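**Q** My questions all concern the structure below.
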Amino acid sequence: METHELHTAELDVGATHIALRIQCEDGSGSTALSGSLGSIPGASSSVPRGAEPDVRKTDTSVRFAWPGFGSLTVEHQPLETDGQTGHKYRVTWELEVNGKNTTLADAFRLEGCHWYGGAQMRSNQWPVEKLSQRQVAYVTADSYKGDVWGGVQERYWLNSKGAAIFVDEDVPLFVSLNQNNDQSLCFISKWNSPYKNVANKNLFMRYTIYQGSDVRDCHDHVVRHVFSKPSGIPDELMFRQPIWSTWARYKKNVNHDTIIKVGVTNEGSSAGTTPTNGRNVVSRRVGHLVQASV
């Protein structure tokens, strides 16, 4: 097996996949993240079996190319956030085919650390390695109506060893988590419903791996380079006098009297009317119905 080193990352070329290992920066030799690029548990390999890729390496990248199939490129970039250094690894699959039956699949091991992020689920478990979710499209859906990912989600996963993965928004992404107890977080790219390949693009998958000295440091890097911070400060009264939902107490048993009781009396807040961002809201949200007086 041929090994290629790229700062804290090691890539081993196998017959059916590229094994990725990112070492922790504490000098212990322990693993922050390990994965199998081009293969997931219980499925055939994405890359041509037994075919030796053409490998091109520079100080900042490694590219594996299979003629007639496509390529995998891993690029490294150093990071600095508020004086803390880290690493960014850009992973790019680009195929020469776009058939509907073609897939790209990478899997990362859940073992050895805790995992956070992903999507809201009908039965939320924390940390998320306790979850089990079959492979389905990673799009918003009502998790109460089926075995799907929920309506609040990010293409972002973070582990307690200081490594994180953020998948690009335009990837036709399917995700499985600990499916059949395989202890893996799997990313699959394919042109299957609900994704439409209107532009007839070749299949691709792109994501970024971030690494910090610990979980907080890694998340700080992601916040700085991926997510935008709030542009302002919310009204202080939103925290001092919050507006409470009736759903937790009344569920579907809501009528006019309960709305008035929550909205006008002291049940909804510490005052009958709660100033919120300059408005006096005299009633409360009930299910999907909001009645307000401004």
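**Q** For a Förster distance of 41 Å, can you work out the FRET efficiency between the beta-carbons of Glu94 and Ser231, rounded to the nearest 0.05?
**A** Numbers: r = 36 Å, r/R0 = 0.87.
After rounding to 0.05, the efficiency reads 0.70.
**Q** Once you have the Cα-Cα distance between Ser160 and Asp142, take 0.36 nm times their residue separation minus that, and quote the gain in nm to one decimal.
**A** Details: separation 18, 0.36 × 18 = 6.48 nm, distance 2.87 nm.
The Ser160-Asp142 span can extend by a further 3.6 nm.
**Q** I would also like to ask the following. With viscosity set to 1.002 mPa s at 20 °C, what whole-number translational diffusion coefficient in µm²/s follows for region 154-260 from Stokes-Einstein and a Kirkwood radius over Cα pairs?
**A** On the way: Rh = 18.3 Å.
It diffuses with D of about 117 µm²/s by this estimate.
**Q** Further question: Name the residue, out of Gly27, Gly14, Gly118, whose mean-square fluctuation peaks in a Gaussian network model built on the chain with Cα pairs under 10 Å.
**A** Comparing Gly27, Gly14, Gly118 in the GNM, the peak value goes to Gly27.
**Q** Cut-off 10 angstrom, C-alpha nodes, Gaussian network model of the chain. Which of Ser189, Ser28, Ser36 fluctuates the most?
**A** Sorting by GNM fluctuation, first place goes to Ser28.
**Q** Taking the chain as a Gaussian network, where each spring joins two C-alpha atoms under 10 Å apart, which residue of Ser231, Ser61, Ser132 fluctuates the most?
**A** Of Ser231, Ser61, Ser132, the most mobile in the Gaussian network model is Ser231.
**Q** Once both labels are modelled 7 Å past Cα along the beta-carbon direction, what's the Ala51-Thr73 spacing in nm?
**A** 1.9
**Q** A further question follows. Given the Cα-Cα distance of Ser193 and Glu10 and 0.36 nm per residue of separation, how much length would full extension add, in nm?
**A** That works out to 62.4 nm of additional length.
**Q** Within region 194-223, name every residue whose backbone N is under 17 Å away from a label modeled 7 Å from Cα of Ala43 along the Cβ vector.
**A** Once the point is set 7 Å along Cα→Cβ of Ala43, 194-196, 203-207 turn out to lie under 17 Å by backbone N, inside region 194-223.
**Q** So, R0 is 35 Å and r is the distance between the beta-carbons of Thr58 and Ser28; what FRET efficiency does that work out to, to 0.05?
**A** That gives a FRET efficiency of 0.80.
**Q** If you rank Met205, Met121, Met238 by fewest surrounding Cβ atoms within 10 Å, what's the result?
**A** Fewest-to-most Cβ neighbours within 10 Å comes out as Met238, Met121, Met205.
**Q** Return the label of the correct value of mean projected area of the Cα convex hull in nm², as calculated from the structure shown, out of [x] 21.5; [y] 15.9; [z] 19.4.
**A** [z]
Where a number appears in this text, it was derived from the coordinates with a stated rule and is not lab data. Since we're looking at a predicted model, the values are computed, not measured. We place every Cβ from the backbone using ideal geometry, glycine too, and count neighbours over all the protein chains shown.
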